[in-house]
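The values are calculated or read from the model by the stated rules, or taken from the named source; none is laboratory data. Source: prediction; values computed, not measured. Methodologically, a virtual Cβ is constructed for each residue, glycine included, from the backbone with ideal geometry; neighbour enumeration extends over all protein chains shown.
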Amino acid sequence: MNKKHAIYITIAIIVAILIVIKVCLSINAGLYKLTPDQILTSYVAHLNRQEYEQMYEMLDEKTRESVSKEEFVNRNKNIYSGIEAQNIIVRDISYAENKDGTADVKYNTEMDSVAGKIKFSNTIKLVKNSKNDYYISWNSNVIFPDLDDNEKIKVNTITGERGNIYDRNGKLLAGKGTVSSVGFVPGKMSENSDEDIKTVSNLLGVTEEKIKSLLDASYVKDDTFVAITNVSKSNMELKNELLKIKGIMITDATARVYPCGEELAHLIGYVQSITKEELEKNQDKGYTSNSLIGKTGLEKVYEDRLRAKNGADIYIVDSDGKRTKTIAKTDAQNGEDIKLTIDSEIEQYVYNELNGDEGCAVVINPKTGEILALCSFPSYDANEFVLGMGNSRWEELSNDIRKPMYNRYQGSFVPGSSFKPVTAGIALTLNAIKPEDDLGPSTTKWQKDSSWGTYNVTTLQQYSGAVNLANGLIYSDNVYFAKVALKIGKDAFKTSLDKMGFNKEVDIGQRMTASQYSNGNAFESEITLADTGYGQGELLVNPVHMASIYSSFVNEGSMVKPYIEYADGKRQGWLAEGVFDKNTANTIKEDLVQVVENPHGTAYTARINGLKLAGKTGTAEIKASKEDENGTEIGWFNAFIADDNSEDQLLIISMIEDVKERGGSHYLLNKVRNIFQKIT
C-alpha cells in the first residue's frame, strides 16, 4: 500500500466517524424520530419479553397521570400471564398522522394462548409530546379491543378425563373410581387437637406438619372440610379407627383406581402428580403443575395416548361478574381408552397360585402371541401411590428384602434345564445330531477330556436305555445336552441364538432385559459352551422371550411375537421365523409331552387327565463360583397345551427364586397344574 492510498483510507474513516457522531447527536436532539408503526413494533417487542415497565415508559403523559406504573404492570402481567400469551405478532400495520398531532395506527394481532390461537384487529392512538415524539394513548382496549378498564379477563380450565385401561373382556384395570377422602372439620375438633393430629398422622402416614399446614390455610373456616388424603373405599377397618377421632369427616371423592391391585401393579403401573422436572421436560404438551402423569408400567408407556388434553375458555366479565364476550375457547379432549390382551381372571388365578414366593409368570396364547397374564411377585398395591403414601410406607416397600417393587418378568435369569429344548432344536435343525443318536453311556459325572482339569458336568440320575434326545429330555440329562452343545459348536450355537433374538430387547411397550448367552459376545471356552447346552454357564433368559421361544414348538419352528394391546386375536407377526425346521419343532413338542406323561419324566406330577400337556422343568444353580457349594437355586416350569385342535391355546412360563431345599423346579409343578385346571 502506498502513502497516497493510506491517506485516502484515513480520510474515509474520519468521515464515517463524523457521520455516526452526527446521527447520534440528531437522535439525542430528537431530530431522528420513530414512526408510529415503529412505536407499535417496539411496544410489542417489550410485551413479548414481558418488559411491562418499559412498556409503561412508552405511554403518553395523560395516560400516566391516570394510571400508575404499578396498576399498569399488574393489569398487563395478570392478563397476559393468565391466558399464557406467547408469540405475540402484529402485522398489516398502517397509520394516519392527524393535524392535531396524533396518529391512528391500525394493525392485526395474533398470539398463542392457553385456549389456542387468538386473532383480532385493533386501532391505537399515538400522541405527540412537546418534542414531537409519539407516545401511546393507552387504555385496556389496547390489550383487547372489547376490554374496558372496569372489566376483567377470566380463564376457565375445561378438564378432560384420562383414558381407561381395560382387559380383553372389558373389565376396568385403571380408570376413574370412588375413594374415601379423609379430613378434619376445624370447628368440630376436640380441645386435644394436637394429640388427635398425631393419631391421624400415624394412621394415614401423613406428617403432623403437613396436616397442620393444611388446617392453617387462609381459606379455612370452622365449617370447612380440610381434606388430608384419600384412602380406599373398602378399607373399613382404617376408616372406623379414624371416625373415633373428633372432627374427622370422611366423604366420597373420585380418583384414578386400580381394581386388580397387587395382581397387575407391575404391568399397569400408576399415576402421580407431575414433578417440576417432568413439567419442564413436557412443557409443550399442555401439562400444568396440577397434572397427573404416568410414573411406571403401561400408565407411563401409554402416557401420550391416555392423558387428557384440557381445554380453556378465555372471556371478559363486567364489573358485576357477568360474561360479556368470549375471547377464545378450546374444548377438552379426553384421553384414549386402551384395551389389553390381558385376561384379568387368568391373571388372578396365576397370582393367587404363585404369590408368596419371589418370581414371575408369563401366560400367552402361543398361536397368536397375545399375553394373557404377566405376573411379578411379591407385588404392591398401585392404589397406595395414587391415594397417598406416607414416608414410612415408602421406606417399608423400598427396604423390603423381597423387593416387591422389582418387576421380575422384565429381568433375565439362568434358565437351567428349561433351556434344553432350545439346545435340542438347534442341534436337530443343524443336523448336529439325530433324535435317535445314542450319546451314552448314562452317567452322573462327565468331562470331555483331561483338558477340563478338575471340572465335570454333573447330572442327578443315571438311567437305563438309550441316551438319546427323548430320554435326555425325560430324565433332564445335563451330560447329554453338554455333549450336544459341543457337537453344535461355538459359532453355530451363537449364530442360532442370535437368530432367536438373543442380545436384543423384547419390547411389548415395556422393554424386557435382553437375553444373553455370554457375558461378552461369544463362548469364551469349551466348558462354557457345554454348560450353556443344559442352561447354565453365562446364559440368562428373559421370561417373555422364553415364552416366544417355546411358542416355536407349536408354530412349526417360528417364534410368535408377544404383544399386550388387544388386536382381536390377530397374530402380530413373528419375533423370529424358522429358527427350527417343522420336523424338529414337532419332534421336540412330542418329547416334551413325554416329559409330562412318562412316569420317569421330571414333570410327571403336572399331568392332567384329558389334557395333552407338554413341558420342561428347570432348576438353575446360582453360584458365586464353580466351587461354591452354598449357592441358591431358581426353579422353572414351562408348559403348554400340545393339541393344535384344542380351543384353549395356552403357554405358561413360570419361575420361582430360592427353591433350594424346597424341591427345586418340582416346587412349581402342582401350582402350574392347578392354573391349567382352572383356565381350561
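Tally time: how many residues in the range 566-592 are of a type in the set (D, E, K, R) and either surrounded by 18 or more Cβ atoms within 10 Å (Cβ to Cβ) or not assigned by TED's automatic domain parsing to the domain that holds Asp507 (or both)?
Total satisfying the criteria: 2.
Look at the range 650-664 and say how many of its residues are under 33 Å from the mean Cα position of the chain (by Cα) and either under 13 Å from Ala620 (Cα atoms) or buried (at least 23 other Cβ atoms within 10 Å of the Cβ) (or both).
9
Against the conditions (1) in a helix (DSSP H, G or I); (2) touching a strand residue (DSSP E or B) at 6+ places or on another chain (Cβ under 6 Å); (3) at pLDDT below 90, where does Lys210 fall short? Just the number, please.
(2)
Collect the residues in the range 409-424 that are in a helix (DSSP H, G or I) and buried (at least 23 other Cβ atoms within 10 Å of the Cβ), keeping them in residue-number order.
Within the range 409-424, Tyr409, Gly416, Ser417, Ser418, Phe419, Lys420, Pro421, Val422, Thr423, Ala424 meet the criteria.
Picking from Asn150, Asn156, which residue would you name as being assigned to a loop (DSSP other than H, G, I, E, B) and among the polar types (S, T, N, Q)?
Asn150
State which residue is farthest from Leu298 (Cα to Cα) when the search covers only the range 494-535 and only residues that are over 33 Å from the mean Cα position of the chain (by Cα) and in a loop (DSSP other than H, G, I, E, B).
Ser525
Name the residues in the range 646-658 that are within 20 Å of Asn407 (Cβ to Cβ) and either assigned to a loop (DSSP other than H, G, I, E, B) or hydrophobic (A, V, I, L, M, F, W, C) (or both), would you?
Selection gives Ile652, Ile653, Met655, Ile656, Asp658.
Within the range 445-452, is even one residue in a loop (DSSP other than H, G, I, E, B) and acidic (Asp, Glu)?
yes
I'm checking my understanding of the structure. Among residues of the range 325-372 that are among the hydroxyl-bearing types (Ser, Thr, Tyr), touching a strand residue (DSSP E or B) at 6+ places or on another chain (Cβ under 6 Å) and modelled with pLDDT of 95 or more, which one is surrounded by the most Cβ atoms within 10 Å (Cβ to Cβ)?
Thr341
Here are the criteria: (1) touching a residue at least 40 places away in the same chain (Cβ under 8 Å); (2) on the phi > 0 side of the Ramachandran plot. Tell me which single one Ala603 does not satisfy.
So Ala603 meets the others, but not (2).
Do any residues in the range 124-151 that are within 21 Å of Asn98 (Cα to Cα) have Cβ atoms under 8 Å from those of residues that are aliphatic (A, V, I, L, M) and in a loop (DSSP other than H, G, I, E, B), where the two are at least six apart or on different chains, and which pairs are they?
Taking only residues 6 or more apart or on different chains, the pairs are Asp133/Leu34; Tyr134/Leu34; Tyr135/Met58; Ile136/Met58; Trp138/Val67; Asn141/Leu147.
Residue by residue, here is whether (1) in contact (Cβ under 8 Å) with a residue 60 or more places away in the chain; (2) not in a loop (DSSP other than H, G, I, E, B) holds:
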site	(1), (2)
Gly160	yes, no
Val179	yes, yes
Lys198	no, yes
Ser218	no, no
Thr224	no, no
Asn230	yes, yes
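Regarding the range 319-328, can at least one residue be identified that is within 30 Å of Ser665 (Cα to Cα) and of a type in the set (A, V, I, L, M)?
no
Do we find that Gly472 is under 30 Å from His266 (Cβ atoms) and either in the same structural domain as Pro543 (by TED's automatic domain parsing) or of a type in the set (D, E, K, R) (or both) in this structure?
no
For the range 86-99, indicate whether the set of residues that are acidic (Asp, Glu) and under 35 Å from the mean Cα position of the chain (by Cα) is non-empty.
no
If I filter the range 21-34 for residues that are touching a strand residue (DSSP E or B) at 6+ places or on another chain (Cβ under 8 Å), at pLDDT below 95, hydroxyl-bearing (Ser, Thr, Tyr) and more than 30 Å from Thr330 (Cβ to Cβ), do I get at least one hit?
The answer is no; no qualifying residue exists.
When you go through (1) touching a residue at least 40 places away in the same chain (Cβ under 8 Å); (2) not in a helix (DSSP H, G or I); (3) not aromatic (Phe, Trp, Tyr) one by one for Ala585, which number turns out not to apply?
Status for Ala585: all satisfied but (2).
With the requirement that a residue be over 16 Å from Lys152 (Cβ atoms) and in contact with a helix residue (DSSP H, G or I) (Cβ under 9 Å, 6 or more places away or on another chain), what does the range 74-104 give you?
Gln86, Asn87, Ile88, Ile89, Val90, Ile93, Ser94, Tyr95, Ala96, Glu97, Ala103, Asp104 - these are the residues of the range 74-104 that are over 16 Å from Lys152 (Cβ atoms) and in contact with a helix residue (DSSP H, G or I) (Cβ under 9 Å, 6 or more places away or on another chain).
Would you point out which residue out of Asp331, Asp304 is of a type in the set (D, E, K, R) and without any contact (Cβ under 8 Å) to a residue 24 or more places away in the chain?
Being of a type in the set (D, E, K, R) and without any contact (Cβ under 8 Å) to a residue 24 or more places away in the chain holds for just one of Asp331, Asp304, which is Asp304.
Can you tell me which residues in the range 443-469 are within 21 Å of Ala620 (Cα to Cα) and not β-branched (Val, Ile, Thr)?
Selection gives Lys445, Trp446, Gln447, Tyr455, Asn456, Leu460, Gln461, Gln462, Leu469.
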